[in-house]
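Since the structure comes first, as structure tokens, the remarks are kept for the end.
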Amino acid sequence: MTDLFDDLPPLCPACNQKQSTPLIFGIPSQEMLVAERLGDIVLASIADDPEVKWVCGNRSCGQRF
Ligand SMILES: [Zn+2]
């Protein structure tokens, strides 16, 4: 069982960083746009892989998983 907004993001499978950012699908609210600007979340289109829930916070990695 995994929660989308768990306080402890999973480790990146590519680089083992713990600073994963939740990937949010759909039409963003105003609050979500602000959160994205702050780097708290990453907004994605519904065309992206629905299995992907996280983006690695390591800029040189950027793995989605
Ligand atoms: Zn990574």
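The values are calculated or read from the model by the stated rules, or taken from the named source; none is laboratory data. Here the structure is a predicted model, which is why all the values come from computation and not from measurement. So basically every Cβ, Gly included, is an ideal-geometry build from the backbone, and we count neighbours across all protein chains shown.
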Inset, instruction - Output the residue which, of all residues in the stretch 29-60 that are crowded, with 16+ Cβ neighbours inside 10 Å and in contact (Cβ under 8 Å) with a residue 24 or more places away in the chain, is farthest from GLN19 (Cα to Cα). - result: LYS53
Inset, instruction - Inspect all residues belonging to the stretch 32-45 and state whether any of them is modelled with pLDDT under 90 and assigned to a strand (DSSP E or B). - result: yes
